[in-house]
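A quick write-up on the structure given underneath.
The values are calculated or read from the model by the stated rules, or taken from the named source; none is laboratory data. Everything quoted here is computed from the prediction, not taken from an experiment. Here Cβ is always computed from backbone atoms with ideal geometry, including for glycine, and neighbour counts include all displayed protein chains. Please note that ligands, DNA and RNA were not included when accessible areas were found on the heavy atoms of the full protein model with its side chains. Shrake-Rupley method; radii C 1.70, N 1.55, O 1.52, S 1.80 Å.
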Amino acid sequence: MSKLSGMTGVGGRVEATLRGLPRMLREDLWTAPVDPVPPMGAPGSPVWRPAFGVLLTLAATTVAVWHVPDLVPNGAAVPEYAVLLVVLQALALLAGMSQPLYAWWASLVLMVVSVRIAASVTSPGELFPWTGPEMALQSGALFLLALRVRPRRAGLALALSLLAGPAAGFTVRPHHYSLGVGALALLTAVVTGAALRALRVARTELVEQSELTEEERSRRTLLEERNRIARELHDVVAHHMSVISIQAQVAPHLVENPSQELRENLAGIRENAVEALAELRRVLGVLRSEDAVADGLRHAPQPSLESLGELVGTVRSTGTGVAVETTGAPRPLPPGVELSAFRIVQEALSNVMRHAPGASARVEVGYHSAAVTVRVTNTAPVTPAARPGGVGHGLLGMRERAAMLGGELAHGRTPGGGYEVLATLPLEDPA
């Protein structure tokens, strides 16, 4: 019973396949679109395409002239229909550059007509129905088709071409058929076209994947830098919230006979500070997890512009000349501004050492009434730097720090071949 059911199931699948075969053939060999031609310069677009068009035109013309004697009896004048037929075959081959599917159909129909005409003038022993010109024309049409369609569709077209030639000359002189030579030529054309198409598709996918990888790398770099900024801000805010909590706790003991209202207000301040600190640690403290560098520096004080001398000394020890200039009256800045200004100078000097070997740098810090400016410039490198791989943290991190404070960051090359980074950090909270 089970064997009978299995046979019934197989028979049903075969029947369904046969019913769907005409639709599949219609779609694969007529209605389904072909691959679009990649625009010049796009991934997968062959750089030799213009030259290929010229060569194809010359080849089609040569084959058409070569094909005329196959359609004319020896010593007879060339009839007009023979000229028209070979011209149409050459044009069909050229049309394969833009419309390979319809061009192959036209070439197939013209091949059948050509075979019927050539049958009456072909001598015994000559190639038939696949004469040299016919093999060249049909192979060219199949090659252009295989470049632009999936291998299954190209295989169906190959099978139809292989059947059409012998079918057209089936009733005449079977003793000089050239089926083996023709089949080999057409198969070679299809295999070559399919291989080139697979190479083009692979190259296109590789370029697209590389672009996606580069975009993902930039996004990951940006997120890593934001995490780093968040960790540092967490430390700054947590420190100040802890100070507020301690001061609110100690304040009642510094006042003689403090009122109950004052005690309640200070207790409320301390309670809110402790609660805010706990919430801050819950939300941002997770950024510390599995971060060995951050864990090692968890309790280290955050740097500020007062640490600029140590940073410059470290850079000078590597052989890079650094000059520092301060304009305006130095004064305490908000912790976030201090930290961001220091990090921008640090990253800019790191970029000088990485990308401008032998160059000297200049750091200018300007204190203004409503903002602090940080400018880092360097001269042209003495020796060319090694080309970096991927996207670095530098400019992304500096831009993020400036934007976080409502500031601006500008950077670019200087006329002398150097580079300049200018950050403007407002001293008031951004609106």
Ranked from highest to lowest mean number of other Cβ atoms within 10 Å per residue, what is the order of the peptides 195-207, 149-161? 149-161, 195-207
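Show M404, M111 ordered by accessible area, largest first, where the area counts protein heavy atoms only and the probe is 1.4 Å.
The ordering from most to least exposed comes out as M404, M111.
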Heavy atoms of L29: accessible area, 1.4 Å probe, square angstrom to 10: 10 Å²
Could you list which residues have their amide H under 5 Å from that of S360, counting only those 5 or more apart in sequence or on another chain, with H placed in the peptide plane? T379
For S139, S369, write out the residues from largest to smallest accessible area, computed with a 1.4 angstrom probe and no ligands counted. S369, S139
Please give the residues of the range 323-356, grouped as numeric ranges, whose backbone N is less than 19 Å from a label point set 7 Å along the Cα-to-Cβ vector of L427. 325-343
For R263 and V109, calculate 0.36 nm times their separation in residues minus their Cα-Cα distance, and state this gained length in nm to one decimal. 45.2 nm
